[in-house]
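The values are calculated or read from the model by the stated rules, or taken from the named source; none is laboratory data. What you see is a predicted model; the values in this text were computed from it and never measured. Every residue, glycine among them, receives a Cβ derived from its backbone with ideal geometry; neighbour counts consider all protein chains shown. The accessibility values were calculated without ligands, DNA or RNA, using every heavy atom of the protein model including side chains. Shrake-Rupley method; radii C 1.70, N 1.55, O 1.52, S 1.80 Å.
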Amino acid sequence: MAEYVIAPPSPPVVPVEGEQGGFPVRRILCVGRNYAAHRREMGGDDRDPPFFFAKPADAIVPPGHDPAYPPGTANLHHEIELVVAIGEAGTDVPVDRALELVLGYAVGVDLTRRDIQNAAREKGQPWDASKGFDDSAPISAIRRWSGPAPQGRIALSVNGAVRQDAVVADMLWNVAEIIAQASQLWTLRPGDLIYTGTPEGVGPLVRGDRVTGEVAGVGAIAFTVT
Ligand code: MN
């Protein structure tokens, strides 16, 4: 007898720079409002702490692939983000041990149906349809990393025009604090990705837009909205 009644899905895979093997994605956590200037542009209160939401693993768009413009929105937004790739499991990890869970970093874009998100916020409804749709998580290759987390420039351009330009050091929760906080809410396991939040300058994308982004020292991302 077959083990499954349908073919089990294969895990999404993100390449790791310079290696044959890829990183199988288990889960995608995301941090909301982790840069003060972006929190302000979203209308947030300066005292609101960052928070978590999630995307399904199969929202990943690996490098070399282009996301499709999603149905159900007239206001698709870009959010450039540093992404943490988790390589070791941990629960209730203290901040000073948190970076030991890191396998590496990548550059990601948290694509957002801003119109659906705004409507959900007003009604107190969940964000899944605004954040967790197909092709909503483009990502670069992962760069293996040990030691202090990236701190440098994070930037995104659309058709060559700079839209977002900030530094990772401006995050409200730094990488170690994000991992520590997340590990109090979930057991982190190898294969987890954490999108760490976007700086100010988010804005709309239309079909045909060429999106390029970078995090200094980590890598670059490029895709066309199809
Ligand atoms: Mn985001």
### Task
With a 1.4 Å probe and every protein chain left in place, work out the accessible area per residue of region 16-224 in Å², rounded to a whole number.
42 Å²
### Calculated Rg and Dmax of region 16-224 using C-alpha coordinates, Å
15.8, 46
### Message
Can you compute 3J(HN,Hα) from phi for each residue in region 82-93, using the Karplus curve 6.51 cos²θ - 1.76 cosθ + 1.60 with θ = phi - 60°, rounded to whole Hz and x for Gly and Pro?
### Response
6, 10, 9, 9, 8, x, 9, 6, x, 10, 6, 7
### Message
Helix-only mean residue ellipticity at 222 nm, the chain, DSSP H runs n ≥ 4 weighted -39,500 (n - 2.57), per residue, nearest 500. What is it?
### Response
-3500 deg cm²/dmol
#### Entry: Residue among ALA216, ALA85, ALA119 with the largest mean-square fluctuation in a Gaussian network model of the chain, springs linking Cα atoms under 10 Å
ALA119
### Query
What chymotrypsin sites (Phe, Trp or Tyr not before Pro) does region 108-215 have in DSSP loop regions with at most 14 other beta carbons within 10 Å?
TRP186
### Query
Which loop-located GluC sites (Glu not before Pro) does region 17-117 contain, where loop means any DSSP state but H, G, I, E or B and the Cβ has at most 15 other Cβ atoms within 10 Å?
GLU17, GLU19, GLU88
### Task
Only Lys, Arg, Asp and Glu count, each charged at its Cβ (+1, +1, -1, -1), so figure out the dipole size of the chain about its Cα centre, rounded to 20 debye.
220 debye
### Message
Within 10 Å of each candidate Cβ there may be at most 16 other Cβ atoms; applying that plus a DSSP loop requirement, which trypsin sites (Lys or Arg not before Pro) in region 7-59 survive?
### Response
ARG26, ARG47
### Task
Work out, step by step, the length gained on full extension between ASP45 and TRP186: first 0.36 nm times the residue separation, then minus their alpha carbon distance; give nm to one decimal.
48.1 nm
### Query
Roughly to the nearest percent, how much of the accessible area of the chain is carbon and sulfur, given a 1.4 Å probe?
52 percent
#### Entry: Farthest toward positive dipole pole in region 114-226 [+1 Lys/Arg, -1 Asp/Glu at C-beta], among PRO204, ALA141, VAL225
ALA141
### Query
Which of VAL16, ALA37, VAL5 sits farthest toward the positive end of the charge dipole of region 1-47, with +1 on the Cβ of Lys and Arg and -1 on the Cβ of Asp and Glu?
ALA37
### Task
Collect residues whose amide H, placed 1.01 Å from N in the peptide plane, falls under 5 Å from the amide H of ARG27; neighbours closer than 5 in sequence don't count.
ASP192, LEU193
### Query
Each residue of region 209-221 in order: what ³J(HN,Hα) in whole Hz does its phi give by Karplus 6.51 cos²θ - 1.76 cosθ + 1.60, θ = phi - 60°, with x for Gly and Pro?
5, 9, 10, 10, x, 8, 10, 3, x, 9, x, 9, 10
### Task
Let me know the whole percent of all Cα-Cα pairs from region 150-213 that are separated by more than 17 Å.
52 percent
### Message
I need the phi-derived Karplus couplings for region 176-186: 6.51 cos²θ - 1.76 cosθ + 1.60, θ = phi - 60°, integer Hz, Gly and Pro marked x.
### Response
4, 5, 4, 5, 4, 5, 4, 6, 7, 9, 9
